[in-house]
Each structure stands twice: as structure tokens, then as C-alpha cells.
Amino acid sequence: MVMLNDNCLLETLLSEDYIMRVIGVLEYDPELRTRTPHREYLTKTAVYKEVIPIHDDKVRINTHQNFRVMYLKDVILAKYLDDHTFSTLSTLVYFNSVDIVDRLQGDSGFMDNLFSALLDQNNTVNRLSDLMGFLQELCQLAKNLQAIARGQFYRKLVDRGLSRVIEMAICHTNRSLRLCGVDIASGFIGHESHLCRTHLMQQSPKCKLLGLLVEQLFADNDAGIKSQIAELLKNLLDPELMEGTSEKDDFLNMFYESLMEPLVSCITSENVVSDKIREFRKRDSTGQCRKEQMDSDLSLVAVTQNQVCEILAFCVQQHGYRIKYFILRHNIVQKALQMVLKKSTSGAKPRRVAGNYLTLSVMRFVRACVGLKDEFYNRHLVKNNLFEPVMVAFQQNGSRYNLFNSAVIEMVEFCRKENVKSLVGHLVEAHADKFKGIEYVSVFKDLVTKHEQNVDAEQGREAADTQQQQQQQQPWRRKAESDDESYFNESDDDDAEQPPALSASDMEIGPARPPPNGLEIRSGGPAGGSQGGNLVGSSDVRPTSPTVFHNKSRSISPTVNDAEGPLAKKLKVDAS
């Protein structure tokens with residue numbers, strides 16, 4: 001009947017009157033030899049408890065139905081349900097959850113009683129655990145609301161003192177209460193970060209909750225809670241989640257002025273973290289806090305430093321000029337790189353590679369600075385020789401193929417591929433001896449080649465610039481060189497284009513103009529013959545009026561008179 005996936009039928013089967021009978025029938029699974037006591041678990045083991053009295057009967061009915069439907073689909077029918085029936089049951093749970101949240105947040109008396117009980121200073125640990133667990137479940141149900149309805153829900157919680165509840169929970173010595181507080185804060189900041197930042201800026205003192213998160217990041221003796229607090233800080237500091245320039249400027253300026261320096265203090269001093277952990281344990285008079293601690297103090301210090309390095313890498317990628325000037329003013333990169341190498345137990349031996357996840361966190365921070373390709377960071381890295389500990393650690397790491405080895409090779413390959421000239425030159429000129437002889441990858445050989453190409457290109461540009469400056473200072477030299485070049489580029493006279501031949505239409509036949517002094521120069525041979533040559537000084541010089549060709553523009557007289565006729569020979573015309 002359940003597998004029919006009929007909404008009306010499911011509502012009847014899962015109603016308060018029939019649900020336990022349906023579960024009783026499903027206790028007899030033919031694949032099992034014995035009956036599974038599902039009804040005993042629902043009625044005796046799972047006990048319904050009201051931390052704050054609920055006067056709305058519909059809320060109680062929906063709460064019971066949700067629990068039983070979830071038990072039905074996740075335990076009893078987990079191996080039999082198809083996708084459609086599973087989706088139908090999940091939809092029923094969703095609408096019940098939305099109705100529960102709407103009814104509870106609409107009951108102002110209930111909400112007032114809840115927060116009055118949470119903020120009561122006389123609460124026992126068990127009572128406070130029940131109240132925090134209820135608020136945690138209520139916030140989890142609110143995740144199903146639409147954005148507008150969810151915003152209204154959290155505004156009502158903030159007006160009644162949600163931030164004070166979170167502050168009290170995350171600093172409590174009981175681990176379960178801290179987990180509840182961090183989970184509530186995660187839902188609040190993750191879904192309504194703008195509302196959270198606005199409330200933090202209105203607090204007195206300003207951003208008290210943010211300061212407590214930084215403090216608890218150092219003091220908490222649970223590594224998992226430390227990582228969750230670090231994620232909360234990243235969400236609060238993410239400029240992409242901020243609305244408007246004013247919110248971004250005001251909030252980030254406050255953070256860098258008041259909290260950034262205390263946050264990075266653990267990089268240079270491990271005692272800052274260990275002292276806060278000891279102080280936190282002393283606040284627990286029962287000794288339960290020490291019993292719940294699963295990691296050593298040294299491991300907790302490393303976890304804290306690791307989270308701070310991750311936050312710094314995030315800030316480098318997101319915060320622009322603020323983190324730039326903070327790094328320059330406090331020399332954060334150099335202080336962080338000190339954690340790459342650690343002192344050996346024997347004083348005579350040199351420092352060796354700190355082979356743990358903290359080294360990789362520092363490398364991610366340095367890689368974030370290099371990855372921006374910002375000359376501000378590049379100059380800072382080169383000027384202070386900050387690649388020295390990285391390359392020394394890489395050299396000492398030897399042929400071990402581990403994550404640190406891969407991280408260094410990837411960073412060098414990025415510098416070569418993107419041709420970050422300042423870093424390429426610095427790595428080759430200052431640290432070539434540390435990667436000389438490495439053959440298992442070609443990255444370092446390619447890096448040297450890229451540096452040589454950059455040097456050659458730079459020398460070519462310098463020569464061109466020098467020549468250009470000389471020409472600007474001595475313009476007469478530039479003029480002379482230009483004339484010389486133009487001379488050699490000109491064509492010879494023999495290669496000049498010949499003028500077109502004259503056509504017959506361009507010529508006219510008419511009487512010749514008389515030569516100078518009325519004389520004609522003719523060949524010196526007999527009539528009818530032709531002897532070459534005697535053009536001047538011949539006895540056969542006589543006045544004559546031969547026929548000549550007249551061009552339309554000018555007349556052309558022949559220099560030789562042919563005795564056989566004017567057209568017997570070819571007339572040669574000097575075009576020039």
C-alpha cells in the first residue's frame with residue numbers, strides 16, 4: 001500500500017490513528033526469522049520531551065509524524081522504497097517542517113520563554129544542553145524556508161539575543177555545547193551573513209562575537225572545532241558575501257585594525273596558543289574538559305597555526321591592498337616560512353624539513369602570493385630573499401617524492417609558464433645551485449632557459465633604447481644615415497622605365513624645317529651607296545629641303561640622309 005505512492009492513501013496510513021498499526025505490520029519481514037520491535041523503539045526508547053512547553057497541538061502532531069515518517073523511510077523501508085515514493089515521503093516531511101517553524105516563530109510567548117531560559121545564569125549543564133539542542137534543531141528546520149522567510153526567522157532570533165547565546169556556547173567548557181554553538185553560528189552566518197555583520201557592527205563592544213571566535217580558535221582543545229571556527233571566520237571575511245562598499249570597508253577596516261594582529265600572533269610564538277589552551281582547561285573545575293581532549297597540546301598548536309595560514313591565504317586572494325600592507329608592515333611571509341624548517345633535536349645538525357601538513361599550509365600561503373602575479377609581492381619576496389627557506393627545504397628533501405616536493409615544483413613551473421620575470425631571474429641567479437643536477441623533471445632546466453631568453457630580450461631592448469636616445473641627441477647623424485639609406489634604395493638609370501614608342505597616328509608628314517645655316521649633313525659615299533660615318537667635314541654638304549617626320553608636339557630631323565629614300569631605313573629616335 002505504501003508503494004502505491006498515492007498521496008491520499010499515504011496521509012491516511014501515516015496519520016496519528018493508523019501509523020503505529022502500519023509499523024506493527026511492517027515488523028514482520030519475510031526475510032528475517034524474528035520480528036523486529038519497531039513499536040517498542042518508537043514508544044519507549046525514543047521519548048518525546050518538551051524543553052519549553054508547546055501549547056500548539058498542531059506543532060506536536062507534525063513533530064511526531066515527522067519522526068515516524070523519517071524512521072519509516074530510513075530504517076523500516078530503506079531497502080524497498082523506490083525513488084518516487086521516497087520523494088513523496090521527503091516532501092511530506094518538508095512541508096511539516098516549514099509549518100512547525102512558522103507556528104513556533106509566530107508564537108512570541110514561546111520564543112521569549114526559550115531565550116529567557118537559554119540566557120539564565122543558573123542553568124545546569126544538562127538543562128543548557130537540552131535548550132541548545134532544541135535551538136539547534138529549530139535552526140536546522142529553518143534551512144528549508146525560503147530566503148525571505150528565513151531572513152525574518154533569524155531577525156527574530158537576533159532581536160531576542162541569539163549572539164549572546166552563541167557567545168556563551170562557543171566558550172563553554174562542555175564540548176557538546178560548543179559543538180551546538182558552532183553549528184548554530186554556522187547556519188546563521190552561512191545563510192544570513194549580511195545580517196550577522198550588521199549586528200556585529202552594532203554590538204558594544206564592536207564585533208564582540210568576532211573577537212571571541214578568534215580567541216576560541218586559539219583556546220579550544222578540540223581540533224575539529226578549531227577548523228569549524230576558521231571556516232566561520234572565512235565566511236565573515238568573504239567580500240563576495242558583503243552587500244555594498246560601505247559594509248565591506250567598515251567591517252574589514254575594523255578587523256584589520258583590531259583583530260588581524262592577534263590572529264597572526266601564533267605564527268611567531270607557539271606559547272601564545274599553548275598558554276590559552278591551559279587557561280581554557282583551568283576554567284573547568286570538573287576536569288571533564290581534559291578528559292575530552294583527544295590531541296596533545298603540541299598537535300593543537302600545529303592545528304591552530306595551520307588554520308591561521310589558511311586564513312592568510314584566503315585574505316591574500318580576497319582582500320587586495322589591506323592584506324598587502326599588513327604583510328609588508330609585519331613581514332608575515334618571512335615569519336610563516338620559518339615553520340617550513342624546524343630545528344633538529346641535536347644542536348650540531350642543521351635545520352630539517354618539517355614534514356607535516358603545516359609545511360603545506362605555509363606553501364599554500366606563499367603560492368597564493370605568487371599566484372597573483374603582483375609586483376608588490378614579487379618585490380617583497382625577492383628583496384627579502386624569502387625563497388631561501390623553501391629552496392633549502394627542497395634541497396634537503398632530496399629525492400623523496402612527497403607533497404612538499406610537488407608543491408615546490410608546481411610553484412616553480414607556474415613562475416616559468418607565466419614568465420614572472422622578477423621571480424624567474426631571482427630563482428636562477430640566487431638558487432640555481434639548489435636545484436642543479438635534478439633530472440627527474442625538466443622544470444628547472446626550462447626555468448634556466450626561460451631566464452636566458454628574458455636576458456637576451458632585455459639586452460636587445462636596451463640596445464634599441466640606447467640607439468634611439470643617441471639619434472634623439474644627434475639629429476644630424478640621423479639625417480645623414482637616412483640619406484645614405486635612401487641613396488642605396490634608389491634604382492639605376494638603366495632600370496628606368498622606357499617611354500612608350502610613338503605610333504603612326506601620333507606622327508604627321510610635312511615639309512622639313514631647314515637645318516641651321518641652311519645646311520644638311522649627309523653621308524660621304526656616292527649616291528645609292530652608304531658609307532658609314534662621316535658626319536662632319538664632308539664635301540657633300542649642300543642646301544636641301546628633304547622630307548622629315550613631324551611629331552604633334554615637336555619635329556624630329558634625321559641626322560643621316562639616305563640616298564635610296566627616306567623610308568628605306570629605320571628611323572631611330574633618341575627619346576631622351
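Counting charges near F314 (Lys, Arg +1; Asp, Glu -1) among other residues having Cβ under 9 Å from its Cβ returns a value of -1. Model label sites at E439 and A117, defined 7 Å from Cα along the beta-carbon direction, differ in position by 7.5 nm.
Order D120, D374 by their accessible area, 1.4 angstrom probe, all chains in place, largest first.
Sorted descending by solvent-accessible area, the residues read D120, D374.
Between S193 and D297, the C-beta separation translates, for a Förster distance of 41 Å, into a calculated FRET efficiency of about 0.80.
The simple spin-label model puts a point 7 Å past each Cα toward its Cβ; for Y357 and H64 those points are separated by 4.6 nm.
Taking the Cα of S422, stepping 7 Å toward and past its beta carbon, and measuring to each backbone N in segment 382-403: which are under 20 Å? The answer is 382-391. Per-residue 3J(HN,Hα) values for segment 71-84, derived from phi via the Karplus relation 6.51 cos²θ - 1.76 cosθ + 1.60 with θ = phi - 60°, read 5, 5, 7, 9, 10, 6, 10, 4, 8, 10, 6, 8, 5, 5 Hz in sequence order (x marks Gly and Pro).
Each residue, N271 and S186, gets one label point 7 Å from its Cα in the Cβ direction; the gap between the two is 3.5 nm.
Could you sort out which of K421/K445; K324/K383; K324/K417; K208/K276; K324/K450; K208/K248 sit more than 21 Å apart by Cα distance in this structure?
Numbers: K421/K445 16 Å; K324/K383 15 Å; K324/K417 24 Å; K208/K276 18 Å; K324/K450 28 Å; K208/K248 18 Å.
With Cα atoms farther than 21 Å apart: K324/K417; K324/K450.
Here segment 214-291 is assigned +1 on the Cβ of each Lys and Arg and -1 on the Cβ of each Asp and Glu. Its dipole about the Cα centre then comes out at about 760 debye.
Relative to the present Cα-Cα distance, how much length would full extension add between D82 and N331 at 0.36 nm per residue of separation?
Working: separation 249, 0.36 × 249 = 89.64 nm, distance 5.99 nm.
Residue separation times 0.36 nm, minus the Cα-Cα distance, leaves 83.7 nm.
Once Rh is set to the Kirkwood radius over Cα pairs, what Stokes-Einstein translational diffusion coefficient, in µm²/s, holds for segment 169-282 at a temperature of 4 °C and a viscosity of 1.567 mPa s? Working shown, then result.
Values: Rh = 14.7 Å.
After rounding, the answer is 88 µm²/s.
Assign unit charges at the C-beta atoms only (+1 for Lys and Arg, -1 for Asp and Glu), then state the dipole size of segment 1-152 relative to its Cα centre in Debye, rounded to the nearest 20. Walk me through the numbers before you get to the answer.
Values: 15 positive and 21 negative charges, 71 e Å.
Roughly 340 debye, rounded to the nearest 20.
Electrostatic tally near M411: other residues with Cβ closer than 13 Å to its Cβ, Lys and Arg +1, Asp and Glu -1, net +2. The amide H of L341, built 1.01 Å from its N in the peptide plane, has A354 as neighbours under 5 Å, considering only residues 5 or more places off or on other chains.
The values are calculated or read from the model by the stated rules, or taken from the named source; none is laboratory data. Bear in mind the structure is a predicted one, so any value in this text is a computation, not a measurement. For neighbour counting, all protein chains shown are included, and Cβ atoms are generated from backbone atoms with ideal geometry for every residue, glycine included. Side chains are part of the model used for accessible areas, which takes the heavy atoms of the whole protein and leaves out ligands, DNA and RNA. Shrake-Rupley method; radii C 1.70, N 1.55, O 1.52, S 1.80 Å.
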